[in-house]
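Written below as structure tokens is the structure these notes are about.
The values are calculated or read from the model by the stated rules, or taken from the named source; none is laboratory data. Just so we're clear, the structure is a prediction, and the values are computed from it rather than from any experiment. Here the Cβ positions follow ideal geometry from the backbone for every residue, glycine too, while neighbour counts run over all protein chains shown.
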Amino acid sequence: EGTGRFIVGGNWKCNGDRASVTALIEALNGGDVGDNVDVVVAPPFLYVDQALSELKSPMQVAAQNAWVEYTLEDETHHYDSDSGAFTGEVSAEMLEDMGVPWVILGHSERRTLLGEDDTMVGKKVAHARFHGLSVIVCVGESLEQREAGATMDVIFKQLRAVADEIDDREHSSWGSQVVIAYEPIWAIGTGKVATPEQVQAVHAGIRQWLKDNVSEEVSKATRIQYGGSVNEGNCETLARESDIDGFLVGGASLDATKFAQICKSS
Ligand code: PEP
């Protein structure tokens, strides 16, 4: 069982425009997400700066991705600088420079649509930690993998890639600054939420893996979010499970009232 504070993330994905982002921030500021919960919202990059300056504390801002220099031929660390000839990318050091405290990494949409593999996600996590960013790292299986009984194998492989890159000597430690979001791909944006029992079983497996492969301390301190069609109607039942320490919310995070209700479900 985890010991950390409940944490709810809002992943706005590639949605919104100047007017709707402004309205959403205003609505969030006017609402009540409750105490005793960490709240993190992730606008598209272009609106991150606006959210940083307008979103009221204690709500915090996340980026939805960060670049890390990585090619298959050269698997060495590049912790000195990740700026350079990477057209279209935004680096972790830029996020640090702008004062963005959080970053979501390894979202399944980036893994499947943009081809990010486990190793790349592991390197991104370690690199973001090196720049002092707090990280929400997403893991999860496809429907095909679940039906083949491979769910935990897939997740353990994704976690292994992170654990292999995080190196306390390079100040890229775990601790409460790395949050794991369990997001079964078949439940993302589908309206098909995993059952509390399904989620609890996976979360308990993740926590046991952390205990066996990282440390007991990290297994207790690490918050594990569930993501996949979470809404204001199903959040309370899910939040009762002992190893669900929060949610990562897509669709419902674009509605300030629904999102606030989810934040208060702990
Ligand atoms: C997500 O994108 O992280 C997500 C969980 O989306 P949704 O809540 O829309 O299923």
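The residues of segment 1-49 that are over 30 Å from Gly205 (Cα atoms), more than 15 Å from the ligand (Cβ to nearest atom) and small (Gly, Ala, Ser), listed by number, are Ala19, Ser20, Ala23, Ala27, Gly30, Gly31. Of all residues in segment 106-123, those satisfying the criterion of being away from the ligand (no atom under 16 Å from the Cβ) and either among the polar types (S, T, N, Q) or crowded, with 17+ Cβ neighbours inside 10 Å (or both) are Asp118, Thr119, Met120, Gly122, Lys123.
When Asn29 is tested against (1) at pLDDT below 95; (2) surrounded by 10 or more Cβ atoms within 10 Å (Cβ to Cβ), just one condition goes unmet, and that condition is (1).
Only a single criterion out of (1) in contact with a helix residue (DSSP H, G or I) (Cβ under 9 Å, 6 or more places away or on another chain); (2) in contact (Cβ under 8 Å) with a residue 12 or more places away in the chain is not satisfied by Glu216, namely (2). Within segment 65-88, can one find any residue that is modelled with pLDDT of 95 or more and either under 26 Å from Ala161 (Cα atoms) or of a type in the set (Phe, Trp, Tyr) (or both)? Yes - at least one qualifying residue is present in segment 65-88. Enumerate the pairs (first residue in segment 32-53 and assigned to a helix (DSSP H, G or I); second residue anywhere and small (Gly, Ala, Ser)) with beta-carbon separation below 7 Å, excluding pairs fewer than 6 apart on the same chain, so at least 6 apart or on different chains. That search, which allows pairs on different chains as well, returns Phe45/Ala63; Tyr47/Gly16; Val48/Ala63; Leu52/Gly99. Remark: pairs (first residue in segment 227-239, closer than 19 Å to Gly4 by Cα and free of Cβ contacts under 8 Å to residues at least 60 places away in the same chain; second residue surrounded by 20 or more Cβ atoms within 10 Å (Cβ to Cβ) and among the small types (Gly, Ala, Ser); Cβ separation under 7 Å; 6+ apart in sequence or on different chains) = Cys235/Ser265; Glu236/Ser265. Quick one: which residue in Ala126, Ala150 is in contact (Cβ under 8 Å) with a residue 24 or more places away in the chain, small (Gly, Ala, Ser) and away from the ligand (no atom under 15 Å from the Cβ)? Sole residue among the options that is in contact (Cβ under 8 Å) with a residue 24 or more places away in the chain, small (Gly, Ala, Ser) and away from the ligand (no atom under 15 Å from the Cβ): Ala126.
The residue that is nearest to the ligand (Cβ to nearest atom), among those in segment 222-254 that are more than 13 Å from Gly9 (Cα to Cα) and in contact with a Leu (Cβ under 9 Å, 6 or more places away or on another chain), is Ile244. The residue that is farthest from Gly189 (Cα to Cα), among those in segment 91-115 that are modelled with pLDDT of 95 or more and assigned to a loop (DSSP other than H, G, I, E, B), is Gly99.
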